[in-house]
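To start, the structure under review is shown below, and the notes come after it.
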Amino acid sequence: MRLYLLFRIAGAIILGWLGWALSAPLWTAWNLNAPLWTSELNAYRLIPTVVGAVIGAVIFPHVTIEPFVASRRVLRHAPPGDLLAGLVGLIAAGLIAVIANGPLSQLPGYFGRLLPIGVFVLLAWIFVELSIARKDELLALVLRRREPREGRGGQRDARERPSIVMDTSAIIDGRIADISQTGFVYGELVIPRFVLQELQHIADSSDALRRNRGRRGLDMLNRLQKESKVPIRIMDVEADDAPDVDSKLVNVAKRTQAAILTNDFNLNRVAELQGVKVLNINELANAVKPVVIPGEEMTVDIIQEGKEAGQGVAYLDDGTMIVVENGRRHMNSSVDVVVTRVLQTVAGRMIFAHPKNGSDPGAGGRT
């Protein structure tokens, strides 16, 4: 408040003095027949002085302090990527303005003095906005530059690895931490800043289940950064035109030509419809399940009853359900079974079997 008061006083003095200084030339311009030292002139000069002082006291803090505070707030909260892109755009605008200054300064009168400044301001605004808006594409273009190959066979530089944008659900799922350690993931795992913020928001939820999921996701990120064999990067990127996180992910993936890693069925379909490559962890898990064929023998632990009379239910290590005909009598024990039929459903794969000794193979598969 004290600072605002000081600036109001300064504004009143500056604009009041300006009103007093301009009143005399205006008096002469209006061709008023009175000497400059008469009381009539002083009364006329008093009016613009008072008006200038009032205007200065009212608007001076709004055109000095508030823009400074607003710009400082923006700079404090702006992502580092935006600041760097803006600086690059400003430098580019300055270089072009310096080149254009020579011919523009040769123009006559005010054009030669003011036009170079106006051109620089216009170029600075255009280049800064353009650099910030397209910083992801520019960064992707720089990172995709090819390096000379080493040796006879040669290897690509790590910066040429494709980018894989991670969804919140894939981080919380946690299986990507194990997958990344196997070396099957070839590329840079990218976590957009808004995904990290969503994880933090979930971790701070009042609902216990959501809070645990969010904390698990943050733990998985910490594990990825420490143990992953592929590079992990937090991307400072925004997609303010998108209404939700899924739409932002699709926009970012399209702009950076990256793939999306997720286990969200809806995001999978939306991304595919827009031409974005999707890596679905659930599809990967189904693809790497061991192949089981009719007639194969295995040992399972029957842990619960089936829907039909006499049936027992067991599970493989990957969660695949095995329905064992006449297996109820083997509850809570291990039994050797023979596979009779394998059924692929929307929910996953289901295996039907019967005990190896003492059951009709044709019984398998009754539900």
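The values are calculated or read from the model by the stated rules, or taken from the named source; none is laboratory data. Keep in mind that what you see is a predicted model, and the values were worked out from it rather than measured. Here the Cβ positions follow ideal geometry from the backbone for every residue, glycine too, while neighbour counts run over all protein chains shown. Heavy atoms of the whole protein, side chains included, go into the accessibility calculation; ligands, DNA and RNA do not. Shrake-Rupley method; radii C 1.70, N 1.55, O 1.52, S 1.80 Å.
Stretched out straight at 0.36 nm per residue, the stretch from Ala285 to Gln181 would grow longer than its current Cα-Cα span by 35.9 nm. Counting heavy atoms of the protein chains alone, Tyr4 has an accessible area of about 70 Å² for a 1.4 Å probe. In terms of the mean number of neighbouring beta-carbon atoms within 10 Å, the peptides 60-67, 14-21, 248-255 order highest first as 248-255, 14-21, 60-67.
For segment 62-68, 3J(HN,Hα) computed residue by residue from phi via the Karplus equation (6.51, -1.76, 1.60; θ = phi - 60°) reads 6, 9, 10, 6, 5, x, 5 Hz, glycine and proline entered as x.
The magnitude of the dipole of segment 171-226, with charges of +1 and -1 set on the Cβ of Lys/Arg and Asp/Glu and taken from the Cα centre, is near 140 debye. Within the shell of other residues whose beta carbon sits under 12 angstrom from the beta carbon of Gln181, the net charge comes to +2, with Lys and Arg scored +1 and Asp and Glu -1.
Note on segment 170-278: with neighbouring protein chains present and a 1.4 Å probe, carbon and sulfur make up 47 percent of its accessible heavy-atom surface.
With all protein chains kept in place, the per residue accessible area of segment 198-285 amounts to 57 square angstrom at a probe of 1.4 angstrom. Going Cα to Cα from Lys254, which lysines come in below 19 Å? Please leave out same-chain ones fewer than 8 positions away. Result set, ordered by chain and number: Lys135, Lys277.
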